[in-house]
1. Scanning the range 88-114 for residues that are touching a Gly at 6+ places or on another chain (Cβ under 9 Å) and small (Gly, Ala, Ser), which turns out farthest from Thr58 (Cα to Cα)?
2. Looking at the range 56-72 only, could you name the residues that are open to solvent by 70 Å² or more (accessible area, probe 1.4 Å) and either among the acidic types (Asp, Glu) or touching a Phe, Trp or Tyr at 6+ places or on another chain (Cβ under 6 Å) (or both)?
3. Which number in (1) open to solvent by less than 30 Å² (accessible area, probe 1.4 Å); (2) closer than 26 Å to Ala95 by Cα marks the one condition that Asp82 misses?
4. Only one of Ala75, Ala25, Ala109, Ala53 is small (Gly, Ala, Ser), surrounded by 13 or more Cβ atoms within 10 Å (Cβ to Cβ) and touching a Lys or Arg at 6+ places or on another chain (Cβ under 9 Å); which?
5. How many residues, within the range 1-27, are among the β-branched types (Val, Ile, Thr) and closer than 15 Å to Lys50 by Cβ?
Amino acid sequence: QFQMAMNDFSAALRIDPKTPAPYIALGNCRVHGHRDPEALVQFQRALELKPDAVLALTGRGNIYLRRKQFRQALADYDKALDINPRYGPAYLNRARARDEIGDPAGAAADRRSEAALHKH
């Protein structure tokens, strides 16, 4: 029920447009609706308000990864992991990007890092 969720997140932004979380949520809804250009706008708005928003960085990186813009995806995953080195999805997606650019050693290291998170 993404449309209902988007209505709620939009209402939250009308109340407080300076909160990054609804922008991130709207971005994720738009990703699920295959509306990547609109999702990018939402993630960028969140990052303007909170440059260290890991979920916005990862969401934008995921779009870049899907678009085969691997260097941009890597930059977003790198920044997200600098901020929160315990965020497993960023390791897995960075591994995919590294595979695509021909860095199998880096990809393997990322997969090991993500697996190690589950051991603790």
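1. My answer is Ser113.
2. Gln72
3. Going through the list (1) open to solvent by less than 30 Å² (accessible area, probe 1.4 Å); (2) closer than 26 Å to Ala95 by Cα, Asp82 breaks only (1).
4. Within the list Ala75, Ala25, Ala109, Ala53, the selection yields Ala109.
5. Final tally of qualifying residues: 2.
The values are calculated or read from the model by the stated rules, or taken from the named source; none is laboratory data. Everything numeric here is computed off the predicted structure, so don't read it as measured data. Note: ideal-geometry Cβ built from the backbone for every residue, glycine included; neighbour counts use all protein chains shown. Accessible surface areas use protein heavy atoms only, side chains included; no ligands, DNA or RNA. Shrake-Rupley method; radii C 1.70, N 1.55, O 1.52, S 1.80 Å.
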